[in-house]
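Undergrad: Handing you this structure, nothing more for now.
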Amino acid sequence: MIDFGEFFKRATGQCPRRFQERFTEMEEWPSLVDIPTGCGKTAMVILGWMWKRRFHPNLSVRSATPRRLVYCLPMRVLVEQTRDAADKWIENLVTNGLPRKEDIENIQVHTVMGGEVDRDWTMYPERDAILIGTQDMLLSRALNRGYATSRSRWPVEFGLLNNDCLWVFDEVQLMGSGVATGAQLAAFRNDFGVSGQCASIWMSATLEPNWLETVDFSEYLKEDSVFSLDNNDRQQLKGILDAPKTLQKWDIKPDENRLKNLADHIRDKHKAGTQTIVILNTVKQAQELYGLLKGASKKTKRPTNQAGLLLIHSRFRPEERGKLNALLKKDSDNPEGRIIIATQVVEAGVDISCQLLITEVAPWSSLVQRFGRCNRYGECENAEIVWIDVRDAAPYEQVEIENARESLARLEKQDVSPNSLKAAGIPIGDCHVRHVIRKKDLIELFDTTPDLAGNDIDISRYVRDEDDCREVQVFWREWDEKPSNDMPQPHRNELCSAPIGDFKKFLKSLKNSAFVWDYLDRKWIPLRDERVRPGLVVLLPKEAGGYDKDKGWTGNPRDTDFVPVLPPAAQYSAFDDDSDDADPASTTGRWVTLADHTNRVVSSCEEIVNALRDLETIRRHKECLLTAARWHDAGKAHELFQKALKEDRPPEQEIWAKGKLGRYERRFFRHELVSALAFLSNPDFQDTKLRNLTAYLIASHHGKIRLAIRSMPGEKIPDDTKKRFARGVWEGDPVAATNLGGGVISPEFVVDLELMELGLSHDSQPSWIERTLNLRDQEDLGPFRLAFLEAVFRISDWRGSKEDHNHE
């Protein structure tokens, strides 16, 4: 085994600081990490988790360390930076000769953020992984309403993100209501129970413990749960903590000419050969100031682009943002130096420094973070921080701005290094949370069935605070008359985030030329204003405008100075098929018998279960998982499924699981409902717990049938109106006997849908919804562990289906 000091050095090229070593020596994960900016919190957590999971000398510590590190951040730019750092550290560890390279090589780093969702992370729940994402994408998935993913995938990601994970919330001062939601989820996991360990850590240089004192989590927050620097640590970091910088105010009136006056001040104050950073509170103001600085000054008649000029904010496509980030990481080679115009995206995490920092007044916690971008490592002489007043508080609360003004006035013409700020003793302030999720909300969210109008519970208020912070994803294409339903799905480099408020205004100018993908009817449909929601992916014609290659998203139809990014030629077409009768996994380039497919799924399930045998939930329910794997596709023996596999059907008289699947004679047909009924009709399985859990896993393995069984609007009705029907399955349907592989035969039976009714059946058997609600509320399961079993089983099916393709 390798000790942490040597491990850290091989990863970063530097010896760990004392506090980074202390972090790995703790028996329990701390709830809060209060470390000043620029000291190395990210490396401490990521490399600390990695070492404890793979190289700690105590086997029990390695086993107790969760498999997945979930690193949650408020902004995409921080996700990209953290991902790049993690990738680099792993690359260095592999290159620098660890005792067993395979211990590091198979730790995968995945990202989940707007415009980029790496789905491979769900395929291997038994592997160690680092999952880095924005709070929108990660918290929505942890609440079973994943943004920018299909409804059928929600339970899988919900199960994986609430079990066997270490959650790290970094830069929490920017997360708003996401802080309370993370705390409440941690409390719910303690109350309902999870599989494995699932701890949470909140990190910030400006963090108050009372931010986590939510209605359900406060009882779990320990008094000694804050991890911070001690005196020895502060002595070791003296060069950073005492890096001098003087604060002053520029008297620029907050009127309609303030940005023009600010531009003049910046030109006069910027020094050749240095870097100046200007941080404004909104994207629109940053764009306007950038335009003023880029043009020629009417006052001096000299060009303003002598110094390099960068605009950095969150509303660029990845194509342009990647180029900007590359420039940001490089020192400017311009002898006149560089001016960076930015928003809150550089407030935290971004490793840049400057001699002159200019910032609008903002909440005190944000200002402390911004001050950390000036003379970050003590490399500058005469470093200055300048603040200017604002016309209104947006996007912040007025009381926060007023308190910050008072604090800034106290420190006028004084040093504001980290140690000086600590000595000043200015309180960070409260975390204003408007909406707090409660247990009953989480229980309701476990059910992914929409209401009869097709609507879902809105979770956006639990993810972010302000309406303008909630986003849609837009991309631009070119077409002749209407968008083709066969066009490739959007690639991450095409997608641009747009705040919902701005986008709704922009939408009114488009006259039905914005489109969204209809998963049910599998076609592009015009977007109506009332259907706009967070995470929506919107297709726009290039001529609709709204984007500038230098300024990013503007929402101005006149801005068309950009080129649509074309997706890779190999990209598969359309979106996830989430229609109610879709079964894309059953369509392959070869014919696969039901017995062969089932054997592969059972084999995949055994592989995952054996790898996860350290988890009590998996050990306890192993029989249910393997039984469900054997029976999950028994319903494919139904005549409707076999008839849909009619094109180029082989002559052999077999029950086929895969082939060329066409349309079903009855819309909404779901073979997994028939599979669950086949299993329940078998008298060999009498144990109630085994029967109900196994039947649930079988029925839910495509994410379409979970808590309830109900008929669909527009579903074909049997001629005999007394017959029950649901999901294209009719009472009285005969289902043929079939070979399920492994020596198991599903006998022929006749469909009985009595269990879809409320109350007991004629033979005193519980209804379907009573069975599933009992499972959800069962003490040794609960919503999190049940979803984890559901995820493990569905992934077994995915991997078995992948093997079907690999045998083509």
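The values are calculated or read from the model by the stated rules, or taken from the named source; none is laboratory data. Given the structure is predicted, the values throughout are model-derived calculations rather than measurements. A quick note on method: Cβ atoms are made from the backbone with ideal geometry, for glycine too, and the neighbour counts reach across all protein chains shown. All accessible areas refer to the heavy atoms of the entire protein, side chains included, with ligands and DNA or RNA removed. Shrake-Rupley method; radii C 1.70, N 1.55, O 1.52, S 1.80 Å.
Undergrad: Using only Cα atoms, locate the centre of region 155-231 and the centre of region 381-446, then give the distance between them in Å, rounded to an integer.
TA: 21
Undergrad: Continuing with the same structure: Compute the Cα gyration tensor for region 259-402, then decide on rounded, prolate or oblate, letting a ≥ b ≥ c be the square roots of its eigenvalues: rounded whenever a/c is under 1.5, prolate when a/b is larger than b/c in the other cases, and oblate in all that remain.
TA: In terms of gyration-tensor shape, rounded.
Undergrad: Under the 0.36 nm per residue contour assumption, what length would be gained going from the current alpha-carbon distance of Asn512 and Asp777 to full extension?
TA: Length gained, Asn512 through Asp777: 90.8 nm.
Undergrad: What value in Å³ per residue do you get for the convex hull of the alpha-carbon atoms in region 702-808?
TA: Residue-normalised Cα hull volume stands at 181 Å³.
Undergrad: Placing unit charges on C-beta atoms (Lys and Arg positive, Asp and Glu negative, everything else neutral), compute the dipole magnitude of the chain about its Cα centre in debye, rounded to 20.
TA: 1920
Undergrad: Would you calculate the separation in nanometres between label points at Lys294 and Glu105, each defined as 7 Å from the Cα along the Cα-to-beta-carbon direction?
TA: About 4.6 nm separates the two model spin labels.
Undergrad: If you don't mind, there's one more thing I want to ask. Applying a 10 Å radius around every beta-carbon, put 642-648, 122-128 in order of their mean neighbour count, most first.
TA: The densest-packed peptide leads the list: 122-128, 642-648.
Undergrad: For the chain, what is the percent of antiparallel DSSP beta bridges, rounded to the nearest 5?
TA: Of those bridges, close to 30 percent are antiparallel.
Undergrad: Pop the C-beta distance of Arg533 and Glu616 into the FRET formula with R0 = 41 Å and round what comes out to the nearest 0.05.
TA: After rounding to 0.05, the efficiency reads 0.60.
Undergrad: Could I ask something else about it? Could you pull out the GluC sites (Glu not before Pro) across region 313-414 that fall in loop regions by DSSP (anything but H, G, I, E, B) with no more than 11 other Cβ atoms inside 10 Å?
TA: Glu379, Glu381, Glu412
Undergrad: For region 356-438, run through the chymotrypsin sites (Phe, Trp or Tyr not before Pro) and keep only the ones in DSSP coil with at most 14 other Cβ atoms within 10 Å of their Cβ.
TA: Tyr377
Undergrad: Between rounded, prolate and oblate, where does region 183-260 land on the alpha carbon gyration tensor, with a ≥ b ≥ c its root eigenvalues, rounded for a/c under 1.5, else prolate if a/b exceeds b/c?
TA: Since a/c reaches 1.5 but b/c is at least a/b, the shape of region 183-260 is classed as oblate.
Undergrad: List, in the order given, every pair from Lys88/Lys294; Lys294/Lys329; Lys260/Lys422; Lys323/Lys802; Lys284/Lys482 whose Cα-Cα distance in the structure shown is over 28 Å.
TA: Flagged as over cut-off: Lys88/Lys294; Lys260/Lys422; Lys323/Lys802; Lys284/Lys482.
Undergrad: Quick one: dipole size for region 604-734, taken about the Cα centre, charges +1 on Lys/Arg Cβ and -1 on Asp/Glu Cβ, in debye to the nearest 20.
TA: 520
Undergrad: Rg(Cα) of region 457-520 divided by 2.2 N^0.38 Å?
TA: 1.30
Undergrad: Quick one: angle between helix 782-806 and the longest Cα principal axis of the chain, in degrees between 0 and 90, rounded to 10, please.
TA: That works out to roughly 80 degrees.
Undergrad: How would you classify region 8-120 from its alpha-carbon gyration tensor, with a ≥ b ≥ c the square roots of the eigenvalues: rounded for a/c under 1.5, else prolate if a/b is greater than b/c, otherwise oblate?
TA: Rounded, since a/c falls under 1.5.
Undergrad: Quick check: the distance between the Cα centres of region 480-547 and region 650-673, to the nearest angstrom?
TA: 34
Undergrad: What is the helix-to-structure angle for 258-269, meaning the angle in degrees between its Cα long axis and the longest Cα principal axis of the chain, kept from 0 to 90 and rounded to the nearest 10?
TA: Between helix and principal axis, roughly 60 degrees.
Undergrad: Moving on. Obtain the nm distance between the two label points defined at Ile443 and Asp752 by a simple spin-label model: each point lies 7 Å from its Cα along the Cα-to-C-beta direction.
TA: 3.1
Undergrad: Could you work out [θ]222 nm for the chain from helices alone, using -39500 (n - 2.57) per DSSP H run of at least four and dividing by all its residues? Round to the nearest 500 deg cm²/dmol.
TA: -10500 deg cm²/dmol
Undergrad: Any idea what angle helix 318-329 forms with the longest principal axis of the chain, computed on alpha-carbon atoms, 0 to 90 degrees, nearest 10?
TA: For 318-329 against the chain, the angle is about 40 degrees.
Undergrad: Show me 495-506, 603-614 ranked by packing, highest mean number of other Cβ atoms within 10 Å first.
TA: Per-residue mean Cβ counts within 10 Å order the peptides as 495-506, 603-614.
Undergrad: Taking only protein heavy atoms into account and a 1.4 Å probe, give the accessible area per residue of the chain in Å².
TA: 41
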